1. Which of these, 65, 245, 226, has the largest mean-square fluctuation under a Gaussian network model of the chain (Cα springs below 10 Å)?
2. What's the magnitude of the charge dipole for segment 162-321 around its Cα centre, counting Lys and Arg as +1 and Asp and Glu as -1 at the beta-carbon? Answer in Debye, nearest 20.
3. Determine the sum of side-chain charges near residue 210: Lys and Arg each +1, Asp and Glu each -1, restricted to other residues whose C-beta is under 12 angstrom from that of residue 210.
4. For residue 273, go through the aspartates and glutamates and keep the ones whose alpha-carbon is under 17 Å away, minus same-chain ones fewer than eight residues off.
5. Between residue 12 and residue 333, take the C-beta separation as r, use R0 = 30 Å, and let me know the FRET efficiency to the nearest 0.05.
6. Pairs of alpha-carbon atoms within less than 8 angstrom and 6+ residues apart define the contacts here; what relative contact order does segment 17-151 have, in percent?
7. Could you please state, rounded to a whole Å, how far the C-alpha centre of segment 177-240 is from the C-alpha centre of segment 48-82?
8. What does the net charge come to around residue 186 if you take all other residues with beta carbon closer than 13 Å to its beta carbon, with K and R at +1 and D and E at -1?
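What follows draws every value from the coordinates through simple rules; no lab data is involved. These numbers come from a predicted model, not from an experiment. Backbone-built Cβ (ideal geometry, glycine too); neighbour counts: all protein chains shown.
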Amino acid sequence: MSVQPQRPAFGTVLASHMAVAQYQDGQWGEHQIKPVGPIEISPAAHVLHYASTCFEGFKAFRWKDGSVHVFRMDRHIARMLNSAHQLVLPEPDAGQLATMVKAVIARCREAVPEAPGALYLRPILFGTTANIGAAATPPGEATLLVLASPVWDYFAGGMKPLRILVDDQNTRCAAHLGMVKTGGNYAAAMGPTLAARAKYQADQVLFCPGGQVQETGAANFLLIRDGQLLTRGLDTTFLHGVTRDSLLTLARDAGYAVTERVFDVGEMLEWVKGGEAALSGTAAVLAGVGTLIHRGQEFRVGNGQVGPLTQALRAQLVSIQQGESKDRHGWLERV
Ligand SMILES: *Cc1c(COP(=O)(O)O)cnc(C)c1O
């Protein structure tokens, strides 16, 4: 048996350089590439008081031939622009943001790990106007920053089936901001998630306000069974995952009947008697659910293990990302 080297946890290592641009006097300035280090910000900065911030997360992959390819960057940038718009933050210029991402990858090319690792890219945008009386005034000044972080195999310790608390009492965030990737939404989900961990040893909370299944704190929720996939239809209440969209596309290609609509907890509990459930997102791609906990009762998903359809769908997307299967949808860009 080979012993895997111990790798740092997801997100704990930063690549050496970042890109930074500032918005002032109604326009974005040119970006700079800098060594990663502390940034100067006023203690009265808008973001520190009123949470005017949003971010993105996506990956660049090193293929076997050494080339580096970024996955669906256009979609992530479009989502960032939409997040900025919803938060009334100065919108980044899509072209400039793409240039900044590529500049960081170029500067940190050596830091892109081999598969199954990747370079995780994390653009952030935040309001910097110094005014503690601006609770109802959007910031006129902002910073756009691109960080990169080498990440390794998410499932290095094996694919453990997740325990998920089904919560029909709390909401993850404000219903009009669910589709916005903004810090405050994670702060709002933190309390319920930690409580679920302590009380039920749950890995995550599946938020189901009004009994309608939504998503967990940082991943979309999919139900899968032979030839069928069910997930909530796009609305403002949850994050429109690029991984979700990619997996749905692959499922349709494979002949699955893919349904996007509202469904409730009862229907989900019926489904998982013989079907599968999984969480989708950039970090893990697709993670299988083994147990749902609802009102103190445990429901086994299928046989309680990570299901074969979940594993196959995940393997298919990973193989495209790593250049081992044909990229039929033009999702990867060589950088
Ligand atoms: C980022 C995120 C996801 C997953 O989105 P991907 O584009 O697939 O990475 C899902 N839900 C929430 C709340 C998120 O923040």
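1. Evaluated over the chain, the most mobile residue of the options is 65.
2. My answer is approximately 300 debye.
3. Within the 12 Å Cβ shell, the charges total -3.
4. Correct list for residue 273: 226, 264, 298.
5. For residue 12 and residue 333, the calculated efficiency is 0.65.
6. Dividing the mean separation by the residue count of segment 17-151 yields 37 percent.
7. First find each Cα centre; the distance between them is then 21 Å.
8. +1
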